[in-house]
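Visitor: There's a structure below that I have some questions on.
The values are calculated or read from the model by the stated rules, or taken from the named source; none is laboratory data. What you are looking at is a predicted structure, and each value in this text was computed from that prediction instead of being measured. Cβ placement follows ideal geometry from the backbone for every residue including glycine, while neighbour counts extend to all protein chains displayed.
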Amino acid sequence: MRGAGAPASLDLTALFRAEAASIFGYLLLRCGSRAVAEDLAGETFLAASRLFAAGRGNEVTPAWLQTVAHRRLVDHWRSSSARRRRTTRLLAERRPEEVPPGDPDNRVDRALTSLPERQRAVLVLRYLDEYSVSEVAAALSLSYKATESLLSRARASFTTAYEEIDDD
């Protein structure tokens, strides 16, 4: 327990030193990205610092930190999923008359062409040709479940490729 008049930052510093590696490891194991784990751990300790600043530092425990870290991770996943849906919507809304086919300056085309052939095919059939998942499955001689799985991987790959392309 903190002595009377001792600055809260000392307790926060001690807490950070004692728990930072544990919180970072918890996040890294679940998200697989050092950069994301570092960001989320930083957000977790920022939340702790706010409680300390409000005079409620005694509420911050290792279990509290882990709960906050978990919530930040869930928020990150939701945000990533929403970003993926927005990017997929860009692909779905793109119309051939808007951009000449093969236009190297078009981010959507560049992202699509960077994908493996099978992922590109499933995205083109589903979103550009507007096939149903069943029709895509039939066209590619896949089961419905395999097509859903391929679509999921292709959307994630497309999102990554799209985000990596500089929009100069």
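Visitor: Identify the residue in the stretch 111-124 that is among the polar types (S, T, N, Q) and part of a helix (DSSP H, G or I) and, among all such residues, is farthest from the chain's Cα centre (by Cα).
Guide: Here is the first cut: in the stretch 111-124, the residues among the polar types (S, T, N, Q) are 113-114, 119.
Filter once more, keeping what is part of a helix (DSSP H, G or I): 113, 119.
Numbers: 113: 22, 119: 20 Å.
The selected residue is 113.
Visitor: Something else about it: May I ask you to list the residues in the stretch 114-128 that are within 13 Å of residue 160 (Cα to Cα) and of a type in the set (Val, Ile, Thr)?
Guide: Correct list: empty.
Visitor: Where the second residue is of a type in the set (Gly, Ala, Ser) and the first is under 15 Å from residue 43 (Cα atoms) and lies in the stretch 55-68, which pairs have Cβ atoms under 6 Å and are six or more apart or on separate chains?
Guide: 60/48; 68/47
Visitor: Are any residues in the stretch 109-126 touching a residue at least 12 places away in the same chain (Cβ under 8 Å) and out of contact with any Lys or Arg (no Cβ under 8 Å at 6 or more places or on another chain), and if so, which ones?
Guide: Selection gives 110, 111, 114, 115, 116, 118, 120, 121, 122, 124, 125, 126.
Visitor: So is residue 46 modelled with pLDDT under 90 and in a helix (DSSP H, G or I) or not? Show your work before the answer.
Guide: On the way: modelled with pLDDT under 90: no; in a helix (DSSP H, G or I): yes.
It is false that residue 46 is modelled with pLDDT under 90 and in a helix (DSSP H, G or I).
Visitor: Follow-up. Which of the residues belonging to the stretch 125-163 are among the aromatic types (Phe, Trp, Tyr) and not in a helix (DSSP H, G or I)? Don't jump to the end; show me each part of the working.
Guide: Step one: list which residues in the stretch 125-163 are among the aromatic types (Phe, Trp, Tyr), which gives 127, 131, 144, 158, 162.
131 - this is the single residue of the stretch 125-163 that is among the aromatic types (Phe, Trp, Tyr) and not in a helix (DSSP H, G or I).
Visitor: A further question follows. Would you check which residues across the stretch 131-157 are modelled with pLDDT under 90 and hydrophobic (A, V, I, L, M, F, W, C) and list them?
Guide: Matches in the stretch 131-157: 136, 137, 138, 139, 140, 142.
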